[in-house]
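Below: the structure, in structure tokens.
Just so it is clear, none of the values below were taken in a lab; they were calculated from the coordinates. Remember, it's a predicted structure, so these values are computed and weren't measured experimentally. Backbone-built Cβ (ideal geometry, glycine too); neighbour counts: all protein chains shown.
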Amino acid sequence: MLTQKKLSNLPDKVKERIEIFGKPCVWSILAYLSHLDVKTINITALIRELNSNYGYISKCIELMKSLGMVEEVKLGRVRLIKLNMENDYVKSMLMLLNM
């Protein structure tokens with residue numbers, strides 16, 4: 001098991017990958033969005049479909065946005081989340097999921 005001390009010795013790129021691949025919410029969001037025809041959904045509908053809460057999903061989406069995995073489109077008060085199918089992380093994770 002990787003401890004904090006062992007993690008601190010790893011290169012930043014490796015730590016980033018561990019952080020992404022180790023979050024179940026990232027996998028859930030990715031899997032759900034990949035099944036949609038337009039790869040876009042309202043954040044409220046996403047939360048409802050994943051049976052989760054706003055704070056948890058919002059943090060995961062912020063992480064995914066910072067890595068270019070998803071894009072956020074705001075239409076007034078509505079937040080739409082769109083999967084970036086060209087992102088290397090997205091491609092790798094979908095390949096692991098065999099999608």
Around LEU67, which amide H atoms from residues at least 5 apart in sequence, or from another chain, sit under 5 Å from its own amide H, with H modelled in the peptide plane?
none
Which entries of LYS13/LYS59; LYS65/LYS91; LYS39/LYS74; LYS39/LYS91; LYS13/LYS39 have Cα-Cα distances beyond 18 Å here?
LYS13/LYS59; LYS13/LYS39
Is the C-alpha gyration tensor of region 49-92 telling us rounded, prolate or oblate? Criteria: a/c under 1.5 is rounded; beyond that, a/b larger than b/c is prolate, otherwise oblate.
oblate
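Cβ under 12 Å from GLU62's Cβ, GLU62 left aside: what net charge do those residues give with Lys, Arg +1 and Asp, Glu -1?
Numbers: positive: LYS23, LYS59, LYS65, ARG79; negative: GLU72.
That works out to +3.
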Computed FRET efficiency, Cβ-Cβ of GLU62 and HIS35, R0 30 Å: what is it to the nearest 0.05?
0.85
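Just to confirm a number: summing +1 for Lys and Arg and -1 for Asp and Glu over residues other than GLU86 whose beta-carbon lies under 12 angstrom from that of GLU86, what do you get?
+1
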Nearest 20 debye, what's the magnitude of the dipole of region 13-97 about its Cα centre given +1 on Lys and Arg Cβ and -1 on Asp and Glu Cβ?
180
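Sorted by mean Cβ packing within 10 Å, highest first, what order do the peptides 51-60, 73-82 take?
Values: 51-60: 13.2, 73-82: 11.6.
Ranked by mean Cβ neighbours within 10 Å, highest first: 51-60, 73-82.
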